[in-house]
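Enquirer: The structure follows.
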Amino acid sequence: MSKPLKLAVVGGRRGASFNHALARLKESVTFTAVCDLSEAMLASWRTEHPDIQTFTSYDDLLEKADCDAVFICTPMLLHAGQSVKALEAGKHVLSEVVAAATLDECWQLVETVERTGRAYMLAENFCYMRPNMMVLNMVQGGVFGDVVYTEGAYIHDCRALSFTPNNELTWRGELRRQFNGNLYPTHSLGPVSQWLGINRRDRLVSTATWTTPAVAAAAYVRERLGPDHPGAANGFWSPGDSATTVIQTERGAVIVLRVDWASPRPHNMTHYVVQGTSGAYLSGRHDKEDPLVWIDGQSPGRSYDGKAQWESLWSYADRYEHPQWRELGADATLSGHGGGDFFVLKAFCDAVQAGATPPIDVYDAVTWSAIVPLSIESVAKDNAPVAVPDFARRRKTR
């Protein structure tokens, strides 16, 4: 494609946050249409983009919009169905997380991408944050040796986002009302999977999940909305405040994931750990604390004599900065999610225009997203391990 990719946005509120990235990618992509149920939101888009087509019906957008691809930015449980519809309509798809919420949806998404030949990418922006990409570059360069253990966590007090201004449940609130498990795993699992080469040189084979009681969620409702609100009652919220998932890979690595949308604590959304045979990584505990590394033979001290010392990850930036951040970091930092929004949009457009497979393809998308239904199944079976389907097996023979 010699002209910018024509991209239609579905879900105007979240989609609007990509305007900063769009401003720096004008040669690669243009927003030509937007779909949202709110006329006020559509009016805001017309102010920002006077030539944009606006729709309140998704079916109308797929039929009438001048677009090559669709960007799904709607509530989570809509993603799979809307992605399949767009693929069937001949559109490429970029989807916010998670890709799908059931195993049937995962398989349907894989089959539709394979049958239509359209490009599909999961917009997992945490994979593109600067420290995560630098760690990826170090892992791929063998700096940590063989990686045998990882952790990933998304810890974000979202209790206020569970309610509308009228104190009704939002889609997030409905999700937490209905399902008990790890309901938002990809921010944690995406970067970790890339470090471990999941669906390339290794794969996920089994998983189990545990959840805590929903005490903080109920306490928030009692404090903010009163003890008579249904959400204040014990048993109203299905998932616990915190969910912990353990995953075993085929090559024996262990992954520990945590998602916590409810526990009160200072804001710090991410937590990551890498343990290899010749080094380790530990993300910062808050935004003002540097992420830390220890590299055997480069960092001070040796671990076996008790003299090993952590160093700032940034002290190795000259040596190990990811090439994409080295080249485009100044533009990326002006967009959301630590620059992730910029790189997600760029990677998708580059892949479509080159006729290439996106870097986070449909097999990655459903493998990471499948933790949602698998964790629900594990919790329902008293935390029993369950098998992870090999969604990528057909990719290996294609």
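Enquirer: Suppose we filter segment 338-357 for residues that are assigned to a helix (DSSP H, G or I) and either surrounded by fewer than 16 Cβ atoms within 10 Å (Cβ to Cβ) or in contact with a Phe, Trp or Tyr (Cβ under 7 Å, 6 or more places away or on another chain) (or both); how many remain?
Expert: 7
Enquirer: Does segment 299-325 hold any residues that are assigned to a loop (DSSP other than H, G, I, E, B) and either of a type outside the set (D, E, K, R) or touching a Phe, Trp or Tyr at 6+ places or on another chain (Cβ under 7 Å) (or both), and which are they?
Expert: In the first step, residues of segment 299-325 are kept if they are assigned to a loop (DSSP other than H, G, I, E, B); the result is 299-302, 306-310, 321-322.
Hits for segment 299-325 are SER299, PRO300, GLY301, GLY306, ALA308, GLN309, TRP310, HIS322.
Enquirer: Of the residues that make up segment 294-304, is at least one surrounded by fewer than 23 Cβ atoms within 10 Å (Cβ to Cβ), in contact with an Asp or Glu (Cβ under 9 Å, 6 or more places away or on another chain), among the basic types (Lys, Arg) and under 30 Å from VAL113 (Cα atoms)?
Expert: No, there is no match, as no residue in segment 294-304 is surrounded by fewer than 23 Cβ atoms within 10 Å (Cβ to Cβ), in contact with an Asp or Glu (Cβ under 9 Å, 6 or more places away or on another chain), among the basic types (Lys, Arg) and under 30 Å from VAL113 (Cα atoms).
Enquirer: Please list, ordered by residue number, the helices (runs of 4 or more DSSP H) wholly in segment 1-82 having 3 or more residues that are touching an Asp or Glu at 6+ places or on another chain (Cβ under 8 Å), assigned by TED's automatic domain parsing to the domain that holds GLN108 and touching a residue at least 24 places away in the same chain (Cβ under 8 Å).
Expert: Because the criterion is at least 3 residues that are touching an Asp or Glu at 6+ places or on another chain (Cβ under 8 Å), assigned by TED's automatic domain parsing to the domain that holds GLN108 and touching a residue at least 24 places away in the same chain (Cβ under 8 Å), the helices (runs of 4 or more DSSP H) in segment 1-82 that meet it are 12-15, 19-23.
Enquirer: Here's another thing I want to ask about it. Do we have MET41 as out of contact with any strand residue (DSSP E or B) (no Cβ under 7 Å at 6 or more places or on another chain) and among the aliphatic types (A, V, I, L, M) here?
Expert: Against the criterion (out of contact with any strand residue (DSSP E or B) (no Cβ under 7 Å at 6 or more places or on another chain) and among the aliphatic types (A, V, I, L, M)), MET41 qualifies.
Enquirer: Under the condition of being under 11 Å from PHE55 (Cα atoms) and in contact with a Cys (Cβ under 9 Å, 6 or more places away or on another chain), which residue from segment 1-45 is surrounded by the fewest Cβ atoms within 10 Å (Cβ to Cβ)?
Expert: LEU42
Enquirer: Any idea which residue in segment 183-204 is surrounded by the most Cβ atoms within 10 Å (Cβ to Cβ), counting only those that are part of a loop (DSSP other than H, G, I, E, B) and on the phi < 0 side of the Ramachandran plot?
Expert: PRO185
Enquirer: Now a separate question. Within the set of pairs 6 or more residues apart or between chains, which connect a residue that is farther than 13 Å from LYS85 by Cα inside segment 114-126 to a residue that is assigned to a loop (DSSP other than H, G, I, E, B) and hydrophobic (A, V, I, L, M, F, W, C) with Cβ atoms less than 7 Å apart?
Expert: As it stands, the answer is MET121/ILE360; LEU122/VAL97; LEU122/ALA99; LEU122/ILE360; ALA123/VAL97; GLU124/VAL97; GLU124/ILE360, since those pairs meet every condition given.
Enquirer: Still on this structure, please answer the following. Restricting attention to segment 98-129, and to residues there that are of a type in the set (S, T, N, Q) and under 27 Å from GLU377 (Cβ atoms), which single residue is surrounded by the most Cβ atoms within 10 Å (Cβ to Cβ)?
Expert: Across segment 98-129, the extreme among qualifying residues is THR112.
Enquirer: Quick one: how many residues across segment 283-296 are modelled with pLDDT of 95 or more and either within 30 Å of TYR220 (Cβ to Cβ) or in a loop (DSSP other than H, G, I, E, B) (or both)?
Expert: Step one: list which residues in segment 283-296 are modelled with pLDDT of 95 or more, which gives 283, 290-296.
The next check asks that each one be either within 30 Å of TYR220 (Cβ to Cβ) or in a loop (DSSP other than H, G, I, E, B) (or both); those that pass are 283, 290-291, 296.
Selection size over segment 283-296: 4.
The values are calculated or read from the model by the stated rules, or taken from the named source; none is laboratory data. If you're wondering where the values come from, they're calculated on a predicted model, not measured in any experiment. So basically every Cβ, Gly included, is an ideal-geometry build from the backbone, and we count neighbours across all protein chains shown.
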